[in-house]
Each structure stands twice: as C-alpha cells, then as structure tokens.
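Step one of this worksheet: look at the structure below.
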Amino acid sequence: MAVPPFDYEATLHACAQGDQDLFQALYRQEAPRMLALCMKMLTQREAAEDAVRDTFVLIWKNAGNYDRATGTARAWVYSILRYRVLNQIRRTGRPTNAVDDTLAAQHHTDGVSCLAVHVQNLAHLDDSQRLPLLMAFYCGQTLEQIAERLVMPVDEIRARLRTGLDAMQGQAA
Amino acid sequence: MSIERGSEHDFLIAEYTLGLLGARETARVHTLLADDSQAVVTALKWENIFLELTDQLEPVDPAPHVLQRIQAMLGHEITLIKRPSVWPKVLKKIWSLTLGGIWFWRLASVVLAIVAVTYALKPNLAVINAPPPTWVAILQAPGQTSTPGWVFTIDEHHDLTMEPKVHIDVPANASVQLWTHDKQTPQPRSLGVFKPNQAARVPAASLGTVVPGQIFEMTLEQAGGSPTGKPTGPILFIGRMVVLHVKPWKTGPGDDASDKQANGQ
C-alpha cells in the first residue's frame with residue numbers, strides 16, 4: 001500500500017488548533033531537510049539547529065495566520081526559515097568552512113565553497129545562469145556580493161539570474 | 001489582479017525571496033507585500049519553486065534535544081529522548097525507585113503530605129500571620145508526568161532550594177547542568193552544574209529574577225558542563241515555577257468561609 005504524501009496544509013491547520021502531535025509530525029517530516037539547508041547556508045551546525053528551533057517556535061505561534069489561498073504550506077514554512085537565516089547572515093556574516101573550500105577547488109566552482117557538492121543541481125540551466133542562483137540560494141549572497149565574486153557588473157548578474165529564474169519557473173510549471 | 005509571470009514585479013519578488021536585494025529594493029518589495037495580496041502569493045510561488053534546491057540536499061537529523069528545546073519554549077509536553085546510552089539506565093533507576101518499588105509509595109506519601117500541609121496546616125497558621133506566596137516548581141522527567149523528579153522552592157531570602165525525589169545514575173563522563181528561561185528570555189541561562197542526587201541551593205544573587213511560569217530544566221552535559229554555554233544534551237528533568245497563594249482560615253462567626261483555599265497559578 002502506498003504511503004500517502006504528507007499533508008502540510010492539514011498539519012498547519014491542526015497546529016493552529018493546538019494539536020501538539022501533528023506539530024511533532026511536521027517536525028519529524030521537515031526538520032532534517034530544514035537543518036540540511038541551514039547547515040549549508042550558515043555552515044555551522046549549532047547555528048543551524050538554533051535557526052530550525054526558532055522557526056518551529058514561529059510556525060506554532062503563527063500557524064493560524066497561514067492561508068492556503070496564498071500558497072503551499074511547505075513554502076510558507078520555508079519562507080519563515082529562510083527569512084530568519086538570511087537575516088542572520090546579513091547580521092553576522094557567513095563563516096567560511098575550510099573543508100568546503102577544498103571540495104570547491106576540486107569541483108572548479110571558483111572557490112564558492114557552499115556550492116561544492118551542488119554543481120549538478122539545476123542541470124537544465126547553463127553555468128552562467130546556474131552559478132549565481134546557487135550562490136544566492138545556498139550561500140545567501142546578495143547581487144552585489146555575487147557580482148564581486150564573479151567579477152561581473154551587477155546588471156549582468158541580474159540578467160543571468162532572471163534568465164535562470166525564468167527557466168526554473170518554466171520547469172516547475 | 002495576479003502578478004504576471006516574467007514581469008518586473010515577478011522577478012523582483014523572486015530576487016527578494018532569494019535574499020539578493022539591497023536595502024532600497026528590499027523596502028520596495030516590502031511595500032509591494034503590504035499593499036498587494038498577490039505579491040504574497042508570488043513570493044510563496046517562488047519559495048515553492050526553490051524547494052527543488054532544498055530537496056537536493058541530504059537530510060540531516062537534528063540532535064534530539066532540539067525538539068525538546070522547542071517543546072520547552074512552547075510549554076508543550078517534552079518528548080522522551082530514546083538514547084540507549086543514557087536513558088535506559090536513568091529510566092530503569094527511576095522506574096525501580098517509583099512504580100516498581102516501595103519508594104513509589106513513600107513518594108506518594110510525601111506528595112500527599114505536601115498537599116495536606118498546603119491545604120490544611122498552613123491556612124491555620126495563617127490566622128496568626130498570613131504567609132507570603134510560596135514559589136514552587138516540580139521538575140519531572142520527560143514522559144514521566146506522574147513522577148516528581150525534583151522539588152524546587154524559593155524561600156523568603158529568594159534563594160532556590162533543590163530537593164531530589166528520585167535517584168538517577170549519571171555516566172562518569174557526564175554532568176547534570178541546571179538551566180532556566182522564560183518567555184521574555186527564551187535562551188536558557190545556566191545556573192551551574194550540580195550533583196544529580198543531592199539537595200542543593202542556588203543563592204538569590206545567582207538565581208536572578210524569577211517570574212511565574214519560568215522554566216527550570218536539568219540537562220545531561222559533558223563532564224564539567226556544556227562547552228557552548230547553551231544546553232547541548234537531553235533534558236533529564238523540567239518544570240515550571242508556580243506561585244501558591246495561601247490565605248488564612250476565617251475562624252470567627254460571621255467570617256466568610258469561602259476564602260480558605262490555596263490557589264495555584
């Protein structure tokens with residue numbers, strides 16, 4: 001018998017009603033993926049676990065504000081997580097990770113350490129579109145930081161990003 | 001009206017969602033999000049598209065105490081951590097000393113005695129001199145909601161007295177550390193490392209301000225205490241501070257006989 005997909009919308013609704021069991025179910029379903037993303041962006045496990053913890057506290061407190069007409073519940077959860085992580089990166093900077101840098105060198109990702117093991121992602125994009133997108137998503141870098149890293153004008157980076165975003169959207173449609 | 005795919009607003013919101021923008025353009029998107037409900041829909045659309053990138057990462061299981069910390073911060077029931085290296089010993093000991101043995105009944109007697117004293121004896125004494133509120137916290141092991149592990153009380157000098165009610169075995173390479181936090185300061189503050197089976201006292205100066213509902217918890221840490229200044233190990237015992245207001249009995253004719261209860265908060 002096939003396992004039914006996790007119902008994020010119903011789970012958030014239950015959280016809004018005070019259902020601690022389903023809140024735990026959401027945690028068990030999603031926390032490992034959330035932690036993986038936070039560790040990639042923040043590079044430190046302790047800071048990443050703190051971000052996941054704080055996000056789940058916010059999920060519980062704000063579940064009643066989620067409106068399924070605005071989008072998927074899973075996207076709503078990640079919007080909270082990524083907003084917090086990005087703010088933290090802006091506040092404190094992003095620590096570098098020597099191990100990641102070594103891997104990056106091996107994969108020829110121009111020293112962009114957070115992309116070390118993700119060169120295969122977004123295979124439908126070419127490198128010039130993929131790299132800025134991955135630098136933004138996994139490393140939390142701004143347009144200006146990416147432009148500086150890739151030694152290109154901001155407008156050029158933005159044009160490439162938008163081409164990549166359009167392709168991602170087309171792929172998802 | 002929805003935001004058209006590929007429009008300037010569509011891309012700008014995508015860039016905002018990715019965290020790419022500087023202060024000026026971020027402010028512009030914040031205005032959009034506040035004024036146009038479709039901007040929120042567009043932001044979540046992009047967030048949903050970006051999930052593809054999250055799902056390409058290898059999931060990483062959080063440390064067991066992360067869920068406990070969340071539950072403690074929200075006032076939820078704390079989940080018992082199933083850690084074979086630590087909990088079987090601890091629980092086996094608690095079990096054998098409570099439901100499994102005479103100590104359970106002795107402990108039940110102690111609890112009943114406390115109830116009796118709270119509801120009967122103290123109000124009688126209060127006729128002469130109404131006592132100040134009693135601050136007490138019963139700490140329990142996660143999943144052991146019927147078993148008091150420690151009883152904390154705050155005396156008239158604002159010192160915290162800690163009385164163990166169960167015996168636990170702690171590995172030689174570990175320590176038990178006490179923490180406290182409340183809604184205003186959710187980040188746990190260490191109150192020190194304690195011997196697990198001995199009564200102890202935290203002086204008022206170290207204890208700091210205590211408010212009703214404040215959480216006290218003991219975690220299992222490496223020898224000497226957490227190396228990070230924050231709890232890193234499983235919660236052994238946790239409980240909230242409550243205030244018991246004890247009112248005097250009315251004894252004379254015509255006195256109101258209704259206000260003779262001890263009210264917990």
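The values are calculated or read from the model by the stated rules, or taken from the named source; none is laboratory data. On a predicted model such as this, the values are computed, not experimentally measured, just so you know. Reconstructed Cβ throughout: ideal geometry from the backbone, glycine too, with neighbour counts over all protein chains shown.
At-a-glance table
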{"item": "Condition met for B:Thr228 (in contact with an Asp or Glu (Cβ under 8 Å, 6 or more places away or on another chain), within 18 Å of B:Pro142 (Cβ to Cβ) and modelled with pLDDT under 90)", "result": "no"}
{"item": "Which numbered condition B:Pro84 misses (of (1) at pLDDT 90 or above; (2) over 17 Å from A:Tyr78 (Cα atoms))", "result": "(1)"}
{"item": "Positions within the range B:157-169 being over 17 Å from B:Ser206 (Cβ atoms) and either surrounded by fewer than 19 Cβ atoms within 10 Å (Cβ to Cβ) or of a type in the set (Asp, Glu) (or both), in sequence order", "result": "B:Glu163, B:His167, B:Asp169"}
{"item": "Extreme residue, nearest to the chain's Cα centre (by Cα), among residues of the range B:1-14 that are in a helix (DSSP H, G or I) and more than 7 Å from chain A (Cβ to nearest Cβ)", "result": "B:Ile13"}
{"item": "Matching residues, the range B:1-38, being of a type in the set (Asp, Glu) and in contact with a helix residue (DSSP H, G or I) (Cβ under 9 Å, 6 or more places away or on another chain)", "result": "B:Glu4, B:Asp10, B:Glu15, B:Glu25, B:Asp36"}
{"item": "Test: residue in the range B:119-135 that is modelled with pLDDT of 75 or more, within 27 Å of B:Val210 (Cα to Cα) and out of contact with any Pro (no Cβ under 6 Å at 6 or more places or on another chain)", "result": "yes"}
{"item": "Residues that are assigned to a helix (DSSP H, G or I), of a type outside the set (Asp, Glu) and within 10 Å of another protein chain (Cβ to nearest Cβ), drawn from the range A:140-158", "result": "A:Leu143, A:Gln145, A:Ile146, A:Val154, A:Ile157, A:Arg158"}
{"item": "Check on B:Glu156, more than 24 Å from B:Gln71 (Cα to Cα) and in a loop (DSSP other than H, G, I, E, B)", "result": "yes"}
{"item": "Of the criteria (1) at positive phi; (2) crowded, with 19+ Cβ neighbours inside 10 Å, which one B:Thr42 fails", "result": "(1)"}
{"item": "Every pair of residues 6+ apart whose Cβ atoms lie under 8 Å, when the first sits in the range A:51-62 and is more than 9 Å from chain B (Cβ to nearest Cβ) and closer than 20 Å to B:Glu77 by Cβ while the second is acidic (Asp, Glu) and assigned to a helix (DSSP H, G or I)", "result": "none"}
{"item": "Residue that is farthest from B:Ile238 (Cα to Cα) [pool: residues in the range B:53-77 that are part of a helix (DSSP H, G or I) and more than 7 Å from chain A (Cβ to nearest Cβ)]", "result": "B:Pro64"}
{"item": "Qualifying residue in the range B:188-203 (condition: out of contact with any strand residue (DSSP E or B) (no Cβ under 9 Å at 6 or more places or on another chain) and either at negative phi or in a loop (DSSP other than H, G, I, E, B) (or both))", "result": "no"}
{"item": "Residue selected from the range B:159-206 under the condition in contact with a Gly (Cβ under 9 Å, 6 or more places away or on another chain) and hydroxyl-bearing (Ser, Thr, Tyr), by the criterion nearest to B:Ile70 (Cα to Cα)", "result": "B:Thr180"}
{"item": "Selection count, the range B:20-42, where residues are within 7 Å of another protein chain (Cβ to nearest Cβ) and either part of a helix (DSSP H, G or I) or among the aromatic types (Phe, Trp, Tyr) (or both)", "result": "2"}
